[in-house]
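Novice: One structure coming up, written as structure tokens, with questions to follow.
The values are calculated or read from the model by the stated rules, or taken from the named source; none is laboratory data. This is a predicted model, so every value here is computed, not measured. With ideal geometry, Cβ positions are generated from the backbone for all residues, glycine too; neighbour counts draw on all protein chains shown.
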Amino acid sequence: MSVTVDAGLHHAVLFDLDGVITDTASVHAAAWKNLFDDYLARLPSDSVADRSPFTDDDYRRFVDGRPRYDGVDAFLRSRGHTLPWGDPADPDDTETVCGLGNRKNRYFHQRLRADGVRVFDSTVALVHSLREAGVDTAVFSASRNCGPVLEAAGLGQLFGVRVDGVVAAELGLPGKPDPAALLEAARRVGAHPAHTVVVEDAEAGVAAGRRGGFGLVIGVDRTEGTGHAEALRRRGADAVVPDLAQVRVRPRAETLTRIPHALESWEAVAGVLRASDLAVFCDFDGTLSEIVPVPGDAVLADGLAPVLRRLARCCPVAVVSGRALADVRDRVDLPGIWYAGCHGFEIDGPDGEHFEYEAARDALPVLAESAGALRDRLTAVPGALVEDKRFAVAVHYRNVEPGSVAEVLAAVREVGDRPGVRITGGRKVAELRPDIDWDKGTALWWLLERVSEGTDRVLPVYAGDDLTDEDAFAAVRHRGLGVAVRGGQQGDRPSSAHVAVTDPRELQVLLTRLAELAERRRTGR
Ligand SMILES: O=P(O)(O)OC[C@H]1O[C@H](O[C@H]2O[C@H](CO)[C@@H](O)[C@H](O)[C@H]2O)[C@H](O)[C@@H](O)[C@@H]1O
């Protein structure tokens, strides 16, 4: 089987060392066997401990992927034998957990010197492909020997970020299956766990990836037929591959027509969202409503009212529109949700709260004047429509003869050429807005802060179709999900959305899946 890292959704990949980058898992396994077989054989014959030889299964269950001393302790306990912990400075002939761990380390280094380190070339090739696609990479390992092993393998410079046993000890991070070291690696590369991939061959590491809320967990099983692949899947691997040559890299799509389809990429999308509470934000025209020739005729598309109601029962929902607040509110007319009008300059909450962006009020007189001036200028242009929305003025030219569109746009440029306002564009519309650093993206984060009550557990999903929605897509680019609604737009344009749907009907299918995810998370199923 193969698995895809999507550079649009996945911003970093964290690689385990032993067994993933280098073949040192077998060197570790041999050193552990050497240690335990020797130690168990020397226990008195009347000891209650199970003295049978150390097996591959013991390796996988008790020591693989764990910090060295934890591994000694876990294995000996599994055999009914305990030792005092001791101290990391214990000489390696001391009969303590640390002493035995130190002895294993000596065996490991002896083998490393004797046999060298074999590198999995397909892993190194994957690291390079990811870099070319703009995906960050890091190495993590429970081993304190991570640095020396990479050096011995000639890979000392491959990773800029390394979180290994030495770093974990310095920071006091618990070992796998605790996700602390993985979360630290993601933090150091600057990627949100939801947008980060973990590659692991140990059960404990896979479990850590899943517990840490990582977007994709890839298990590596190089031991076909041993049941290890099934064990990795049970512990939470999304996919298990025999070698990283089976991992494909999909370059980040930069334009609307190339963005992956949300429903076709559903598994990857669900991976990004599954560990978080969701908050769903939707634009109105072209997203919740089909584009129609006359703005006053736009209505909520079929099937969207029930799914928005369903979503609102299990997560915060907001409609974020370029329309005036009262206009979009009346058109959607659903209780229990947030409404942001005029690109977020005015907002109503579900419990009767009302907010206006204070600084934008200074622009109201000039906007009102501009609306009047534009009406005067454009009465003679058939089809031109001026929509005064208080915090913005929209000039529609959808119904204007192609030959007269330039005249409409020239009028907008001239009237809008005054301090305090700026001109933006949309689908057959030009708008004057307060010249302030406030847009659908900043409004989204303002709303998110309110609905998440200071936690960072909530991941925003934003769906929109238009140029003004790009501000919101950019805002959720590194933490959240941007869904572009392509809606039969002519030509192509750059977009920061992660995925796309074709029209409001497909958005309804996607929102239903989000509702299912949110409900499952709520009920813990
Ligand atoms: O942010 P939105 O909710 O998408 O609002 C953007 C603009 O939508 C409306 O205009 C657009 O939809 C009309 C109806 O489908 C269409 O006729 C027009 O050509 C589109 O530009 C609305 O009238 C504007 O005020 C919004 O800014």
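Residues checked against (1) within 15 Å of the ligand (Cβ to nearest atom); (2) of a type in the set (D, E, K, R); (3) under 24 Å from the mean Cα position of the chain (by Cα):
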site: 250; (1), (2), (3): no, yes, yes
site: 257; (1), (2), (3): no, no, yes
site: 295; (1), (2), (3): yes, no, no
site: 312; (1), (2), (3): no, no, yes
site: 321; (1), (2), (3): yes, no, no
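Novice: Something else about it: Go through segment 335-344 and give me each residue that's within 15 Å of the ligand (Cβ to nearest atom) and either farther than 24 Å from residue 473 by Cα or in contact (Cβ under 8 Å) with a residue 24 or more places away in the chain (or both).
Specialist: Those that are within 15 Å of the ligand (Cβ to nearest atom) and either farther than 24 Å from residue 473 by Cα or in contact (Cβ under 8 Å) with a residue 24 or more places away in the chain (or both): 337, 338, 340, 341, 342, 343, 344.
Novice: Report whether or not residue 48 is touching a strand residue (DSSP E or B) at 6+ places or on another chain (Cβ under 7 Å) and outside any helix (DSSP H, G or I).
Specialist: Spelling it out, it is not the case that residue 48 is touching a strand residue (DSSP E or B) at 6+ places or on another chain (Cβ under 7 Å) and outside any helix (DSSP H, G or I).
Novice: Among the listed residues 351, 330, 302, which satisfies the condition of being in the same structural domain as residue 469 (by TED's automatic domain parsing), in a loop (DSSP other than H, G, I, E, B), surrounded by fewer than 23 Cβ atoms within 10 Å (Cβ to Cβ) and without any contact (Cβ under 8 Å) to a residue 12 or more places away in the chain?
Specialist: So the residue among 351, 330, 302 that is in the same structural domain as residue 469 (by TED's automatic domain parsing), in a loop (DSSP other than H, G, I, E, B), surrounded by fewer than 23 Cβ atoms within 10 Å (Cβ to Cβ) and without any contact (Cβ under 8 Å) to a residue 12 or more places away in the chain is 351.
One line per residue, one yes/no per condition, for (1) under 23 Å from residue 124 (Cβ atoms); (2) buried (at least 20 other Cβ atoms within 10 Å of the Cβ); (3) at pLDDT 95 or above; (4) of a type outside the set (Ser, Thr, Tyr):
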| site | (1), (2), (3), (4) |
| --- | --- |
| 9 | no, yes, yes, yes |
| 14 | yes, yes, yes, yes |
| 19 | yes, yes, no, yes |
| 26 | yes, no, no, no |
| 30 | no, no, no, yes |
| 37 | no, no, yes, yes |
| 47 | no, no, no, no |
| 54 | no, yes, yes, yes |
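Novice: Follow-up. For residues in segment 444-460 being part of a loop (DSSP other than H, G, I, E, B) and closer than 22 Å to residue 355 by Cβ, which is nearest to the ligand (Cβ to nearest atom)?
Specialist: 452
Novice: Give me the residue from segment 214-228 that is surrounded by 21 or more Cβ atoms within 10 Å (Cβ to Cβ) and outside any strand (DSSP E or B) and, out of that set, nearest to the chain's Cα centre (by Cα).
Specialist: Among residues in segment 214-228 that are surrounded by 21 or more Cβ atoms within 10 Å (Cβ to Cβ) and outside any strand (DSSP E or B), the one nearest to the chain's Cα centre (by Cα) is 215.
Novice: I would also like to ask the following. Need the failing condition index for residue 411 against (1) more than 16 Å from the ligand (Cβ to nearest atom); (2) part of a loop (DSSP other than H, G, I, E, B), just the number.
Specialist: With (1) more than 16 Å from the ligand (Cβ to nearest atom); (2) part of a loop (DSSP other than H, G, I, E, B) applied to residue 411, the lone miss is (2).
Novice: I'd like the residue in segment 371-396 that is basic (Lys, Arg) and closer than 14 Å to residue 421 by Cβ and, out of all such residues, is surrounded by the fewest Cβ atoms within 10 Å (Cβ to Cβ).
Specialist: Checked segment 371-396; the qualifying residue surrounded by the fewest Cβ atoms within 10 Å (Cβ to Cβ) is 390.
Novice: Would you be able to tell me the number of residues in segment 275-292 that are within 6 Å of the ligand (Cβ to nearest atom) and more than 28 Å from the chain's Cα centre (by Cα)?
Specialist: Number satisfying all stated conditions: 2.
Novice: Could you tell me which of the residues 479, 505 is modelled with pLDDT of 95 or more, more than 15 Å from residue 253 (Cβ to Cβ) and more than 21 Å from the chain's Cα centre (by Cα)?
Specialist: Exactly one of 479, 505 is modelled with pLDDT of 95 or more, more than 15 Å from residue 253 (Cβ to Cβ) and more than 21 Å from the chain's Cα centre (by Cα), namely 505.
Novice: Would you confirm whether or not segment 122-133 contains a residue that is out of contact with any helix residue (DSSP H, G or I) (no Cβ under 6 Å at 6 or more places or on another chain), of a type in the set (Asp, Glu) and at pLDDT 95 or above?
Specialist: Within segment 122-133, one or more residues are out of contact with any helix residue (DSSP H, G or I) (no Cβ under 6 Å at 6 or more places or on another chain), of a type in the set (Asp, Glu) and at pLDDT 95 or above.
Novice: Could you tell me which numbered condition residue 481 fails, if it satisfies all but one of (1) of a type outside the set (Asp, Glu); (2) away from the ligand (no atom under 16 Å from the Cβ); (3) over 20 Å from residue 284 (Cβ atoms)?
Specialist: The single condition residue 481 does not satisfy is (3).
For (1) surrounded by fewer than 23 Cβ atoms within 10 Å (Cβ to Cβ); (2) charged (D, E, K, R), each residue gets a yes or a no:
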residue	(1), (2)
465	no, yes
473	no, no
477	yes, yes
482	no, no
486	yes, yes
490	yes, no
496	yes, no
501	no, no
507	no, no
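Novice: Would you point out the residue of segment 414-428, among those that are in contact (Cβ under 8 Å) with a residue 40 or more places away in the chain and farther than 18 Å from residue 368 by Cα, that is farthest from the ligand (Cβ to nearest atom)?
Specialist: 425
Novice: Which numbered condition in (1) under 24 Å from residue 467 (Cβ atoms); (2) without any contact (Cβ under 8 Å) to a residue 40 or more places away in the chain; (3) not assigned by TED's automatic domain parsing to the domain that holds residue 391 is the only one that residue 378 fails?
Specialist: (3)
Novice: Same structure, new question: In the set 463, 474, which member is within 14 Å of the ligand (Cβ to nearest atom), under 23 Å from residue 7 (Cα atoms) and at pLDDT 95 or above?
Specialist: Exactly one residue qualifies, and that residue is 463.
Novice: Tell me which residues, restricted to segment 386-403, are within 8 Å of the ligand (Cβ to nearest atom) and assigned to a helix (DSSP H, G or I).
Specialist: None; the set is empty.
Novice: Condition check: closer than 21 Å to residue 323 by Cβ and either assigned by TED's automatic domain parsing to the domain that holds residue 316 or of a type outside the set (A, V, I, L, M) (or both). Does residue 477 satisfy that?
Specialist: No; evaluated as a whole, the condition is false for this residue.
Novice: In this structure, is residue 438 over 22 Å from residue 258 (Cα atoms), touching a helix residue (DSSP H, G or I) at 6+ places or on another chain (Cβ under 8 Å), within 15 Å of the ligand (Cβ to nearest atom) and not in a strand (DSSP E or B)?
Specialist: The answer is yes for residue 438.
Novice: Going by the structure shown, is residue 225 at positive phi and of a type outside the set (D, E, K, R)?
Specialist: yes
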